[in-house]
Amino acid sequence: QVQLVESGGGLVQAGGSLRLSCAASGRTFSVTNIGWFRQAPGKEREFVARISWSGGSTTYADSVKGRFTISRDNAKNTVYLQMNSLKPEDTAVYSCASYDGGSVYRSTSYSSWGQGTQVTVSS
């Protein structure tokens with residue numbers, strides 16, 4: 001089983017950039033697909049992006065496509081989410097999780113959730 005810890009959140013102005021990190025412990029990380037989700041106050045958790053164990057396959061939500069990039073460095077046991085051209089509607093707590101199977105868009109397909117990192121985008 002993998003344990004995940006997110007970092008890199010903060011306050012940024014609209015149009016700015018942030019890079020989130022999802023650091024993993026556990027020997028299965030290099031063969032684990034990882035997803036990023038976000039949850040804004042009063043809203044349901046929503047899918048942001050997902051990356052395969054090799055990094056060769058990625059999936060994005062339409063709302064972030066072309067602005068966000070997910071990547072991973074298995075030597076460092078870390079998955080990254082580069083977020084550019086940030087908008088106020090990107091404000092949320094961002095969490096990473098390990099993919100277990102099923103639809104990549106559903107949070108119920110994931111486990112081993114990290115504690116999350118807050119991203120706030122001011123207008």
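Annotations for the structure displayed:
- On a per residue basis, the chain carries 50 Å² of accessible surface, using protein heavy atoms and a 1.4 Å probe.
- Of the solvent-accessible surface of the chain, computed with a 1.4 Å probe over protein heavy atoms with every protein chain present, carbon and sulfur atoms account for 46 percent.
- Overall, the chain carries a charge dipole of about 140 debye about its Cα centre when +1 sits on the Cβ of Lys and Arg and -1 on the Cβ of Asp and Glu, all other atoms neutral.
- Only lysines eight or more places from Lys76 in sequence, or on another chain, were considered; none has a Cα closer than 17 Å.
- Note on the chain: dipole from Cβ charges, positive end direction compared against Gly42, Gly55, Val119; the farthest Cα belongs to Gly55.
The values are calculated or read from the model by the stated rules, or taken from the named source; none is laboratory data. Keep in mind the model is a prediction, meaning the values are calculated, not measured. As a convention, Cβ positions derive from the backbone with ideal geometry for all residues, glycine included, and neighbour counts pool all protein chains shown. Side chains included, ligands, DNA and RNA excluded: accessible areas come from the protein's heavy atoms. Shrake-Rupley method; radii C 1.70, N 1.55, O 1.52, S 1.80 Å.
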